[in-house]
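This is the structure I have questions about; it appears just below.
Laboratory data are not the source of any read-out in this text; all were calculated from the coordinates shown. What you are looking at is a predicted structure, and each value in this text was computed from that prediction instead of being measured. Cβ placement follows ideal geometry from the backbone for every residue including glycine, while neighbour counts extend to all protein chains displayed.
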Amino acid sequence: MKNFLSIESCKKETLESLVNTAEVLKEARRCGDFSDDVLKNQCWGIVFSKASTRTRVSFEVGVRELGGSALFLSPKDLQLGRGEPIKDTARVMGRMLHGAIIRNDSQIEVESFAEYSKIPTINALTDMEHPCQIIADLLTIKEIQGTWKDKKIVFLGDVNCNVAHSWIWAAERLGFELILSGPSEICCPLEYLEKVGSTKTKYLDNPLDAVRGANVLYTDVWVSMGMEDQASQRDGHFNPYQINQDLISIADKDVMIMHCLPAYREKEISEIVFEQNEETIFSQAENRLHAQKAIMKSLVSSN
């Protein structure tokens, strides 16, 4: 694996290996073992055009714990902000950095950066996918449920967003059942599912039908970054898809509640349900660190 740009581009074996490596790195950290210094004497660029808490902190800490140094750059720090082509920026950085972690609007730009820089490149979120999040989520499910095999995972809310797209590909690669449930008039994912040729994912606009017997209920914000101008247009349409006690009562008795954060209480998840499941949700957030380290280690080891 030269780059980590999408779940779509990963094989089943790659996803499983990344989760297993993240598990090992998490246990080593718990024991105070930081001897894995695969990034020793390396400097990785972190180029973010979108705000971030978990992604930025996990990558900066992860680079350092693997023995390297991290250089954070925003658009105002670069000539990208003044119109320099991504391929020129990439060719410059490729001669100075050892790897790059990019978070921006365009999947095409991240792929172009990887092509022209010729250094390991990680997609830390684009308009099309959020692959790093999925590795952390799979690790969390494995820790709590034991496996994702034969599990029913239900994604509620904006089911045509980048996280949902990555979940669709994860279901295709790993073979578990994925149900998407959100308002068809706002975020119908059928066109994307048809493009994927999905065999493992179904779309149900009725949330009651969707969550029945579910092992995992998953949600994200209803208004993603960059879509704030659509907030009023979306207002009210998502209310039936809130994860609350009524929906949970229909799911499996040991249902796992996940949220990739930030969370807007009483929007996509009720306050009481969020707090009842905060240990799982914040373990999911912590697992971003271990997932990022596993991804970087895998890239360095294979290049």
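Please state, as a whole number in µm²/s, the translational diffusion coefficient that the Stokes-Einstein equation yields for region 67-144 at 10 °C and 1.306 mPa s, with Rh defined as the Kirkwood radius across alpha carbon pairs.
Value of D from the Cα-based Kirkwood radius: 116 µm²/s.
Could you work out the relative contact order of the chain? I mean the mean sequence separation of Cα pairs under 8 Å and 6+ apart, divided by the number of residues, in percent.
Relative contact order, the chain: 21 percent.
What is the extension gain from residue 96 to residue 79, computed as 0.36 nm multiplied by their sequence separation minus the C-alpha to C-alpha distance, in nm to one decimal?
Computed gain between residue 96 and residue 79 is 4.5 nm.
Still on this structure, please answer the following. When we measure straight from the Cα of residue 118, which aspartates and glutamates land under 17 angstrom away, once same-chain ones fewer than 8 places off are left out?
Correct list for residue 118: 88, 109.
Can you give the extra length, in nm with one decimal, that the chain gains between residue 209 and residue 9 once fully stretched, where that is 0.36 nm per residue apart less the Cα-Cα distance?
Between residue 209 and residue 9, full extension yields 68.9 nm more.
Could you tell me the calculated FRET efficiency between residue 37 and residue 228, based on Cβ-Cβ distance and R0 = 35 angstrom, to the nearest 0.05?
That pair, residue 37 with residue 228, gives E of 0.25.
Let me ask something additional. Using only C-alpha positions, report the orientation-averaged shadow area of the convex hull of the chain, nm², one decimal.
15.1
Still on this structure, I have one more. Under 1.5 on a/c is rounded, so check that first for region 133-284, then, if it is not, pick prolate when a/b is larger than b/c and oblate when it is not; a ≥ b ≥ c are the square roots of the alpha carbon gyration tensor eigenvalues.
It comes out rounded by the Cα gyration axes.
Still on this structure: Using a simple charge model, +1 on the beta-carbon of Lys and Arg, -1 on the beta-carbon of Asp and Glu, nothing else, what dipole does region 2-67 show about its Cα centre, in debye to the nearest 20?
The dipole of region 2-67 has a size of about 280 debye.
I've got another one for you. Quote the relative contact order of region 196-269 in percent (integer), defining contacts as alpha-carbon pairs under 8 Å separated by 6+ residues.
Relative contact order here is 46 percent.
Which ordering of 211, 300, 110, 57 is given by a fewest-first count of other beta-carbon atoms within 10 Å?
By the 10 Å Cβ count, ascending, the order reads 57, 300, 211, 110.
For residue 249 and residue 51, compute 0.36 nm times the residue count separating them, minus their Cα-Cα distance, and round to one decimal in nm.
67.8 nm
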